[in-house]
Structure formats: C-alpha cells, structure tokens
Amino acid sequence: MQNKIMFKNEDSCIAIKDDKMYILSTRYKDISSRALTVMSGFQIELGRDINDIITALKETRVPVIIKEVISNGDKSHYQIIRMHTGKVDDKLVATLLCNNGIIHSISFNRALIRDGSYRQYNILSVLHQLSVPYNLCDSTSVSRSEQLKQILKSVMNIVNNIEVTEKDNQLVAITNEDNLKLSFKFILNKNNNNRYELISISLAQ
C-alpha cells in the first residue's frame, strides 16, 4: 500500500505509512506534538473529527476498530478495540469522548497493563502506562511540577511550559503545543505502589 496524506489542515495531517497511521505536523514535517500514540502504528489527535480517524484507519492494516457505544445529544463515547487475531482476543484499549463529533478526551484501559496474555503479543504505548511516584524522594525531582514536566517531556514532543496543579490526590498538567491545549489528569493509586497514574488526556478549557 502506498504512503498517503489525508485530512490535512493548518496544524496537522494524517499520514498512512507502511500500512500504519500517524499524525504529522504540517509545519515541521515530523510527528506532531498533537499526536497521541494509542498503540504501535496507530495515533490519534484530540480536537480532530472522529470520522477522520475512522476513515483513515480503514487505509491501514492495524487490527483496530473504533466502535460507538453511547450517544447522548452532543456527546458520544467510542471504544478503541484491538481485534481478535491469533491468540489475542478482542481487547478494549482506550475510550474516546467526543463533543459534536470532535475528539475531546481519551482514557486508556489500565487493566491491560496487568493483562499478561495480551502483553505477551502486544506492546502498550508509553502513554498507556504512564505513572509517577507519589513520594518525590523516589524520583529525581525536587518538586511535583518538575516531576510532571520531566515525565511528559520524555514521552511527547513538548517544548512549551507545563502548568501543574495538585489537589485531593489528583495531579493535572496543562500544555499548549501547536495551537492545542491539553490537560493530563493523574489520580493517586495507593494500591499500586503509591503512584499517580495517568487516567485521561483531554482538551483543556
């Protein structure tokens, strides 16, 4: 299958390369800082029409389907499902929330982190597994803000400032890259080595 550029706008486009799907910057000719890797060979972008993603996905050979499960007025929920192949059954990878057809947020299925049968044949994206220790002495950072900045910049192409707030066992980091303001929400899981786990990425207000 030939390489293909789809749904290009002033900030990004969807590129089909080697039967896989990537979000590229239209400014820098590289992977966009707006790109969120869901699984190997499959990226999405918040703020983009869900139908762009669904249509482009059909041009790939990535074993993924996007299924609408709830629709209530302007809001709709979609599941990203890794389809059954070989020894791997259908698995929910992530859930998308859309407002008027625009992707507003993504939440990863963290149960897959502990699913040995799935992980034997599939590599989870770094974002899917992202977490930080509650105790700062367990990291190389001197503040919560620095801790979040280090971890996010290590997994995404972030060059601008990151605003971090901590409240009620919750961390929120807000970034603004390529005209897209994103909010990363972490929740403290005291049952899992006392770590803040990334539970959602959404468009920031």
Measuring from the longest principal axis of the C-alpha atoms of the chain, the long axis of helix 144-155 (C-alpha) lies at a number of degrees, nearest 10, equal to 30 degrees
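Let me have the 222 nm mean residue ellipticity of the chain computed from DSSP H runs of 4+ only, each contributing -39500 (n - 2.57), with the sum over all residues rounded to the nearest 500. Let's see the in-between values first.
Working: 4 runs with 28 residues, N = 205.
Result for the chain: -3500 deg cm²/dmol, rounded to the nearest 500.
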Given Cβ charges of +1 for Lys and Arg and -1 for Asp and Glu, the option among Leu57, Asn72, Leu46 whose Cα lies farthest towards the positive end of the dipole of the chain is Leu57
Expected vector for the range 5-12, Karplus 3J(HN,Hα) from phi with 6.51, -1.76, 1.60 and θ = phi - 60°, integer Hz, x for Gly and Pro, equals 9, 9, 6, 6, 9, 5, 10, 7
Contact order relative to length for the chain, counting C-alpha pairs under 8 Å separated by 6 or more residues, stands in percent at 14 percent
Check: in the range 140-197 the Lys pairs 8 or more apart or on separate chains whose Cα atoms fall under 16 Å apart number 6
Partner lysines whose C-alpha sits under 20 Å from that of Lys4, ignoring same-chain residues fewer than 8 away, are Lys17, Lys20, Lys29, Lys58
The set of residues whose placed amide H lies less than 5 Å from the amide H of Arg48, leaving out same-chain residues fewer than 5 positions away, is Ile103
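Quick check on the chain: what does the Kirkwood estimate of hydrodynamic radius come out to from the alpha carbon pairs, in Å?
On the way: mean 1/r = 0.0562 Å⁻¹.
Taking every pair of different Cα atoms in the chain, averaging 1/r and inverting gives 17.8 Å.
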Expressed in angstrom and rounded, the centroid-to-centroid distance over alpha carbons for the range 153-183 and the range 132-151 is 14 Å
One checks the Cα atoms of the range 95-166 and finds Rg and Dmax, in Å, of 15.2, 44
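In nm, what is the difference between 0.36 nm times the number of residues separating Asp19 and Glu68 and their Cα-Cα distance?
Numbers: separation 49, 0.36 × 49 = 17.64 nm, distance 2.36 nm.
Value of the extension gain: 15.3 nm.
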Counting only protein heavy atoms and rolling a 1.4 Å probe, one gets per residue an accessible area for the chain in Å² of 52 Å²
To the nearest 0.05, the calculated FRET efficiency linking Glu146 and Asn191 through their beta-carbon distance, R0 being 25 Å, is 0.45
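In the range 41-83, what percent of the accessible surface is made up of carbon and sulfur (1.4 Å probe, ligands and nucleic acids excluded)? Spell out each step's value before the answer.
On the way: 850 of 2020 Å².
For the range 41-83, the apolar C and S fraction of the accessible surface comes to 42 percent.
If you filter the range 11-98 for trypsin sites (Lys or Arg not before Pro), then keep DSSP loop positions with at most 16 other Cβ within 10 Å, what is left? Spell out each step's value before the answer.
Details: sites: Lys17, Lys20, Arg27, Lys29, Arg34, Arg48, Lys58, Arg61, Lys67, Lys75, Arg82, Lys87, Lys91; in loops: Arg27, Lys29, Arg34, Arg48, Lys58, Arg61, Lys87.
For trypsin sites (Lys or Arg not before Pro) across the range 11-98 that sit outside H, G, I, E and B with at most 16 neighbouring Cβ atoms in 10 Å, the list reads Arg27, Lys29, Lys58, Arg61, Lys87.
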Extension length gain for Asp138 and Lys29 (0.36 nm per residue less Cα distance), in nm, is 35.5 nm
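The values are calculated or read from the model by the stated rules, or taken from the named source; none is laboratory data. These numbers were taken from a predicted model, which means no experiment stands behind them. As a convention, Cβ positions derive from the backbone with ideal geometry for all residues, glycine included, and neighbour counts pool all protein chains shown. Heads up: the accessible areas ignore ligands, DNA and RNA and are worked out on the full protein's heavy atoms, side chains in. Shrake-Rupley method; radii C 1.70, N 1.55, O 1.52, S 1.80 Å.
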